[in-house]
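First the structure, in the form of structure tokens, and then the observations on it.
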Amino acid sequence: MVVLKNAKPIGWRSKIGVIVPPSNTVNEAEFNRVTPDGVSFHFTRSPLHSDPAADDFTQMLEDVTNAMHDLVACNVNFATYACTAGSMACPSDRLLGKMTEIGNVPANSTAQAIVAALNKLGVEKISMASPYTPETNEHEAHFLSVHGIDVLSTAGLSLNTSLKSIQKISQVPPLDVFNHARLVNHPNAEAVLICCTDFNTFSSIELLENELGKPVLSSNSATLWHSLRNAGIADQINDLGTLLRDH
């Protein structure tokens, strides 16, 4: 009874809502693996769009609206759109504006989180590893360049060409992710970024930093960091690299 007397409800510090693509099975597992005490993450899904700009993002934003209604029912106090490619495609003001409008809570996205994380680290030149095609890597490198980040080298696995191949992203073993990111590293890069929220990265980040001697972050570590900090959670998280340990 003494233990119960001091127990607090789940999410007593913050309930954070997360929108992920239907095929994503890594983001939720990685977030829950390192969730600070008193914080809870609540996930819902929104369809992938191969060309969301084709209808001026109308369908994508409609799907985000539906997903936000799910999160409203969870009574979250912060929301994040955790899809790298999708959030780099849709203008941030429209995506986050829609999320805030429907949810009446602050919101962010993986794209916004990556830029904020690189800025916090004082990084302007990076190498980028992903499971994507060269075309998607080029699009994401352009997005980052618009935000003052120079991508010196990229490497992908071309796994985002169909639903069947997309489902293979989460099955790439952590050791393969480690080697993939290690090999893309450019000597002049100030950090290494591993893109895609469905890519297993949390087992590799600290090991990569130790080997490469520079900050390493991923779509998931950046989204986790930015969401926690903007939800008022300043807890240090060890073994996930410089970003979550020191900032």
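A few points about this structure:
- Put simply, of Ala222, Ala189 the only residue that is over 17 Å from the mean Cα position of the chain (by Cα) and either surrounded by 14 or more Cβ atoms within 10 Å (Cβ to Cβ) or modelled with pLDDT under 95 (or both) is Ala189.
- Within segment 196-242, being outside any loop (DSSP other than H, G, I, E, B) and of a type in the set (Gly, Ala, Ser) holds for Ser218, Ser219, Ser221, Ala222, Ser227.
- Tabulated pairs, segment 128-140, first of a type in the set (A, V, I, L, M, F, W, C), second surrounded by fewer than 23 Cβ atoms within 10 Å (Cβ to Cβ) and not in a loop (DSSP other than H, G, I, E, B), C-beta under 6 angstrom, 6+ apart or interchain: Met128/Val151; Met128/Thr154; Ala129/Ala155; Ala129/His180; Ala129/Val184
- Checked against (1) among the charged types (D, E, K, R); (2) buried (at least 17 other Cβ atoms within 10 Å of the Cβ); (3) more than 15 Å from the chain's Cα centre (by Cα), Asp239 passes all but a single condition, namely (2).
- Among the residues of segment 192-216, those that are crowded, with 17+ Cβ neighbours inside 10 Å and either free of Cβ contacts under 8 Å to residues at least 12 places away in the same chain or under 13 Å from Ala111 (Cα atoms) (or both) comprise Leu193, Ile194, Cys195, Cys196, Thr197.
Conditions tested, residue by residue: (1) in the same structural domain as Thr201 (by TED's automatic domain parsing); (2) under 15 Å from Phe57 (Cβ atoms); (3) at pLDDT 95 or above.
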position	(1), (2), (3)
Thr80	no, no, yes
Met88	no, yes, yes
Pro91	no, yes, yes
Leu118	yes, no, yes
Ile126	yes, no, yes
Pro131	yes, no, yes
Pro134	yes, no, yes
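Okay, residues lined up against (1) free of Cβ contacts under 8 Å to residues at least 60 places away in the same chain; (2) within 22 Å of Ala117 (Cβ to Cβ):
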residue	(1), (2)
Phe57	yes, no
Leu61	yes, no
Met68	yes, no
Leu71	yes, no
Val76	no, yes
Thr84	no, yes
Met88	yes, yes
Ser92	yes, yes
Gly103	no, no
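- Residue among Ala85, Ala89, Ala141, Ala107 that alone is under 16 Å from Cys196 (Cβ atoms), in contact with a strand residue (DSSP E or B) (Cβ under 9 Å, 6 or more places away or on another chain) and surrounded by 15 or more Cβ atoms within 10 Å (Cβ to Cβ): Ala141
- Ser227 vs. criteria of a type outside the set (Phe, Trp, Tyr) and surrounded by 22 or more Cβ atoms within 10 Å (Cβ to Cβ): yes
- Tallying residues that are under 20 Å from Asn230 (Cβ atoms) and either of a type in the set (Gly, Ala, Ser) or in a helix (DSSP H, G or I) (or both) within segment 17-45 yields 8.
- Helices (runs of 4 or more DSSP H) wholly inside segment 90-195 that include at least 1 residues being of a type in the set (Asp, Glu): 92-103, 134-146, 174-184
- Subset of segment 3-28 that is in contact (Cβ under 8 Å) with a residue 40 or more places away in the chain and touching a Pro at 6+ places or on another chain (Cβ under 8 Å) - its residue that is surrounded by the most Cβ atoms within 10 Å (Cβ to Cβ): Pro21
- Segment 144-157, residues that are touching a residue at least 24 places away in the same chain (Cβ under 8 Å), of a type outside the set (A, V, I, L, M, F, W, C) and surrounded by fewer than 21 Cβ atoms within 10 Å (Cβ to Cβ): His147, Gly148, Asp150, Ser153
- Neighbours by Cβ (under 8 Å, 6+ apart or cross-chain): first from segment 218-247, more than 23 Å from Ile19 (Cβ to Cβ); second among the polar types (S, T, N, Q) and in a loop (DSSP other than H, G, I, E, B): Arg245/Gln236; Arg245/Asn238; Asp246/Gln236
The values are calculated or read from the model by the stated rules, or taken from the named source; none is laboratory data. All values derive from a computational prediction rather than experimental measurement. Cβ: placed from backbone, ideal geometry, glycine included. Neighbour counts: every protein chain shown.
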